[in-house]
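The structure under discussion appears below in the form of structure tokens.
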Amino acid sequence: MPEPTSTRPGPGPSERGGPHGRPRHSRERSREARLAWAFLAPSVLVFAVFLVYPLGRTVYLSMHGNDIIGEPNRFVGLSHFAEMASPAYMQVLVTTLLFTLGVVVPGVVGALAVVLLLEGVIRGQKFFRGAFALPFAFSVASASVVFVVFFSPGNSVLNGVLYRLGLDQVPWLTSQEIALWSVCITTVWMNLGYGVLVLAAGIGSIQREINEAARIDGATGPRLAWNVTVPLLGPQLFFLIVISTINALQSFGQIHILTMGGPVGSTTTLVYSVYQDAFAFGTSDFGRASAQALVLLVVVLVCTAIQFGVIERKVHYS
């Protein structure tokens, strides 16, 4: 009995093998993959040189001791991380936490208050927005030098005002209890402009129909701002909180110019402690500094993860 003839169609032009028996579509995918990697190669190379290698080098240095010029010469394992359990380093971590809170909370709340108040201004709104955003144009160094003049213990501008008012002078940068908050004030002023720009852009993206409908329902003034405007600014507020936290944890210039970590280490944050161990006073203790840098990286990642896990859930994306 003859076998039934197969009705399956033969391979199409795209499925026929080439001289080496490979289908044409397989060769095309391979060629597209090589082309994609050719375009990605420059960015991957830059990513590896400026991120992967420094991170790997930091891990390597954190587990090694070094000589007087900073060259690693012995393996010490996790001893540098164990040293960070000492009271001195715990105080550095507490100072870092207080500084971050003292910068992020007033900075975000202040920027939000400024933007909401400016919404009620009919004339000159753009001028006032530009005026409040102006500090963002200052560099960290120039802004810090300005506040050195404000906080200087001898001829301080602020103390001159207090003297005119008959009040006692304040040791803004020489008191262990006040110096950290003076640096926080400086940092909040420098970052206020950025926050105003972000939130002003967010308010500008809110549809007018929403505010008009809320006003028809009787929501005006603070009620309109709290129940309508602020919830719709959720994405911008969340972004500002995350960025402000990361920037605060990495702050260095204003601390170095205003207090150099003093008095008595009261303004020494984790970043400034890394600088002191690695570069200040000719120490070149890159191993201990690298261990602190890795701890800082973990702190940034943990804070960011907490913010994404807690705050983002309350964000309303319209």
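List of remarks:
- Exclusive hit being surrounded by fewer than 15 Cβ atoms within 10 Å (Cβ to Cβ) and not aliphatic (A, V, I, L, M), set 247, 211, 191, 227: 227
- Selection within region 67-116: residues that are part of a loop (DSSP other than H, G, I, E, B) and of a type in the set (A, V, I, L, M). The member of this set that is most open to solvent (accessible area, probe 1.4 Å) is 68.
- Screening region 144-249 for helices (runs of 4 or more DSSP H) wholly inside it with 3 or more residues that are in contact (Cβ under 8 Å) with a residue 40 or more places away in the chain returns the ranges 179-204, 234-249.
- Count of region 235-264 residues which are of a type in the set (Gly, Ala, Ser) and more than 19 Å from residue 110 (Cβ to Cβ): 3
- Apart from one condition, residue 45 fits all of (1) part of a helix (DSSP H, G or I); (2) open to solvent by less than 80 Å² (accessible area, probe 1.4 Å); (3) not assigned by TED's automatic domain parsing to the domain that holds residue 290; the exception is (2).
- Filter result (open to solvent by 60 Å² or more (accessible area, probe 1.4 Å) and under 17 Å from residue 263 (Cβ atoms)) within region 128-157: 153, 154
- Residue in region 117-131 that is within 26 Å of the chain's Cα centre (by Cα), polar (S, T, N, Q) and in the same structural domain as residue 250 (by TED's automatic domain parsing) present: no
- Subset of region 259-275 that is assigned to a loop (DSSP other than H, G, I, E, B) and either among the aromatic types (Phe, Trp, Tyr) or over 16 Å from residue 87 (Cβ atoms) (or both) - its residue that is most open to solvent (accessible area, probe 1.4 Å): 260
The values are calculated or read from the model by the stated rules, or taken from the named source; none is laboratory data. In this text, all values refer to a predicted model and were calculated from it rather than measured experimentally. Counting neighbours? That spans all protein chains shown, and the Cβs are built from the backbone with ideal geometry, glycine included. Only protein heavy atoms, including side chains, enter the accessible area calculation; ligands, DNA and RNA are left aside. Shrake-Rupley method; radii C 1.70, N 1.55, O 1.52, S 1.80 Å.
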